[in-house]
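Undergrad: First, the structure itself, so that you have it in front of you.
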Amino acid sequence: MSAPKKIKVLQIINSFSLAGAEKIAMDLALGLDQVHFDVGIVGIGAKGDAIEAELKAKLETSGIQTFVLGKPLRKARLRTIGRLTRVIKKYNPDILHTHSLSPDFYGKISATLAAVPLVVSTIHNTQGYNPWIETLLRPLTSVYVAISETVRQYALQQLKLPQSKVEVIYNGIDMSPFESGGRRSGGRKVRLFDIPEQALLITTIGRVTTQKGHVYLVEAFKEVVREFPNVHLCIVGDEKADPAVTEEIRSRVREYGLEERVLFTGVREDIPEILAATDVFVLPSLWEGLSVVLLEAMASGVPVVATAVGSNPEVIRDGVNGFLVPPKDPSALAERMRAVLRDPAAAQKVGLEARRTVQERFSLESMVRAYEDLYRRLVSSKPKMQLP
């Protein structure tokens, strides 16, 4: 008896990096049942760093083909469409799956040129998409996946997508790297950051951009230091994403005399260990889809303070499994951080409830099974893209 024909899925991402949408795409690729699915991943841009090489090697070792187009920023658009079209034709997928803005644009046009019958597009955020562009790309899309109900409402109301084309599949994460949930370690702080073992550590993780709200966190942090002189702030993330924002934050750190208290680590791969050393995790974003690092912090059992934007209120029940504060409000953020640091026992209880939330609602297994079901439904029904 011959083996069933595998469904071939080609995923398109911005680059092989540790950004949220890219991590979801790669975790999905690694999690798909290899008996029934073949999967490849294309990176539109190229990082050219050790992290990219490591991620590609991990994927290829697991039997996942990887392709890097190496598109320079804001250049070579037509050449990229041509190169991507050739890659798609060679791979010959049943389904093309795009993640975020550039992959959507280049992927859908190239899929049409390569005659791919099915295109899935995951919407990872609640800002940045252009309704006019989506009107053009909508006929080239079989199904949109919103990563939360908040994102689904954004897709329907702001992007004017038809309700019949939008499904919700929540982001999920692998819990295994965070098995020490609820366990803090001063020794980790010393080893990671060379700060005193008894120091308190507040951590935020994310690209240093306007969206992530670092400037409000620094404003709030200077107030926290007044009550807790042994507290440190760790800013983990790509500082090259927006050099002007990075310089503004560094300038404020210097202005407030916090150079010895604020750590800029750049991109890190040891996120589970950093979170295990963290006393409070803060997500001060101005907007969000469904933050992967928020789920990772909750999975590690760290008490979380997040702004009440995007999907954060879908995940966090204020005072139960985390804390919500208004965006762009340093005073409210500072007061909540101080309150968490004042009562470690209550903070630990909230952190453990956060971990339970991720286990029950945002597991990697649940996300992967949902995408597998979607892929199967699409292939079995064979809906065609409606070309304009």
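Undergrad: If eta is 1.306 mPa s and T is 10 °C, what Stokes-Einstein diffusion coefficient results for segment 47-93, Kirkwood Rh from Cα pairs, in µm²/s?
TA: Using the Kirkwood radius from Cα pairs, D works out to 131 µm²/s.
Undergrad: Using only alpha carbon pairs under 8 Å that are at least six residues apart, calculate the relative contact order of the chain and give it in whole percent.
TA: It rounds to 17 percent for the chain.
Undergrad: Based only on Cα atoms, what Rg/Rh ratio does segment 1-128 have, Rh being taken as Kirkwood's radius?
TA: 0.95
Undergrad: With +1 on each Lys and Arg Cβ and -1 on each Asp and Glu Cβ, and nothing else charged, work out how big the dipole of the chain is about its Cα centre, in Debye to the nearest 20.
TA: Once rounded to the nearest 20, the dipole reads 1480 debye.
Undergrad: Let's test the formula: R0 of 35 Å, r as the Cβ-Cβ distance of L156 and R356. What FRET efficiency results, to the nearest 0.05?
TA: 0.70
Undergrad: Among T210, T85, T203, T122, rank each residue by its count of other Cβ atoms within 10 Å, from fewest to most, as a rough exposure measure.
TA: In increasing order of surrounding Cβ atoms, one gets T210, T85, T203, T122.
Undergrad: Okay, next question. Taking θ = phi - 60°, what integer Hz values does the Karplus form 6.51 cos²θ - 1.76 cosθ + 1.60 yield along segment 30-37, in sequence order, with x for Gly and Pro?
TA: 5, x, 4, 5, 6, 6, 10, 9
Undergrad: Cross-link candidates for K189: which lysines have Cα within less than 27 Å, leaving aside residues fewer than 8 places away along the same chain?
TA: The qualifying lysines are K23, K212, K222, K240, K349.
Undergrad: Loop only per DSSP, at most 13 neighbouring Cβ atoms within 10 Å: give me the trypsin sites (Lys or Arg not before Pro) in segment 39-116, ordered by residue number.
TA: R74, K75
Undergrad: Can you put M26, M337, M298 in order of Cβ neighbours within 10 angstrom, beginning with the fewest?
TA: The fewest-first ordering by Cβ neighbours comes to M26, M337, M298.
Undergrad: Let me know the charge dipole size of segment 231-388 about its Cα centre in debye, to the nearest 20, where only the beta-carbon of Lys, Arg (+1) and Asp, Glu (-1) is charged.
TA: Value, rounded to 20: 600 debye.
Undergrad: Which three numbers, in whole Å and largest first, are the semi-axes of the equivalent ellipsoid of segment 62-142 derived from its Cα gyration tensor as √(5λ)?
TA: Equivalent ellipsoid semi-axes, largest first: 20, 16, 13 Å.
Undergrad: Then there's this: Which aspartates and glutamates have a Cα lying under 13 Å from the Cα of K328, excluding residues fewer than 8 positions away in the same chain?
TA: Once the sequence-local aspartates and glutamates are set aside, what remains near K328 is E219.
Undergrad: Using a/c under 1.5 as the rounded threshold, could you call segment 176-361 rounded, prolate or oblate? The axes a ≥ b ≥ c are square roots of the C-alpha gyration tensor eigenvalues, and prolate needs a/b larger than b/c, oblate otherwise.
TA: rounded
Undergrad: Would you please give the FRET efficiency between S331 and K5, computed as 1/(1 + (r/R0)^6) with r the Cβ-Cβ distance and R0 = 56 Å, to the nearest 0.05?
TA: Once the sixth-power term is evaluated, E becomes 0.40.
Undergrad: Report, in listed order, any pair from K8/K47; K75/K165; K5/K90 with a Cα-Cα distance greater than 24 Å.
TA: K8/K47; K75/K165, as the Cα separations exceed 24 Å there.
Undergrad: Amide H to amide H, which residues 5 or more places from I7 or on other chains are under 5 Å from it, using H placed in the peptide plane?
TA: Here F37, D38 satisfy the definition.
Undergrad: Can I ask one more? Going by how many other beta carbons lie within 10 Å of each one, how would you line up H99, H36, H232, fewest first?
TA: H36, H232, H99
Undergrad: Ok, one more. Which whole-Hz ³J(HN,Hα) couplings does segment 104-115 yield from phi under the Karplus relation 6.51 cos²θ - 1.76 cosθ + 1.60, θ = phi - 60°, glycine and proline marked x?
TA: Once rounded to whole Hz, the list reads 4, 5, 5, x, 6, 5, 5, 4, 5, 5, 8, 6.
Undergrad: Turning to a different aspect of this structure: Fully extended, how many nm does the chain gain between E60 and A346 (0.36 nm per residue separation, minus their Cα-Cα distance)?
TA: 98.5 nm
Read the figures in this text as sums done on the coordinates, not as results from a lab. Computed from a prediction, not measured in an experiment: that's the story for all the values here. Don't worry about glycine lacking a Cβ; one is built from the backbone with ideal geometry, like all the others, and counts go over all protein chains shown.
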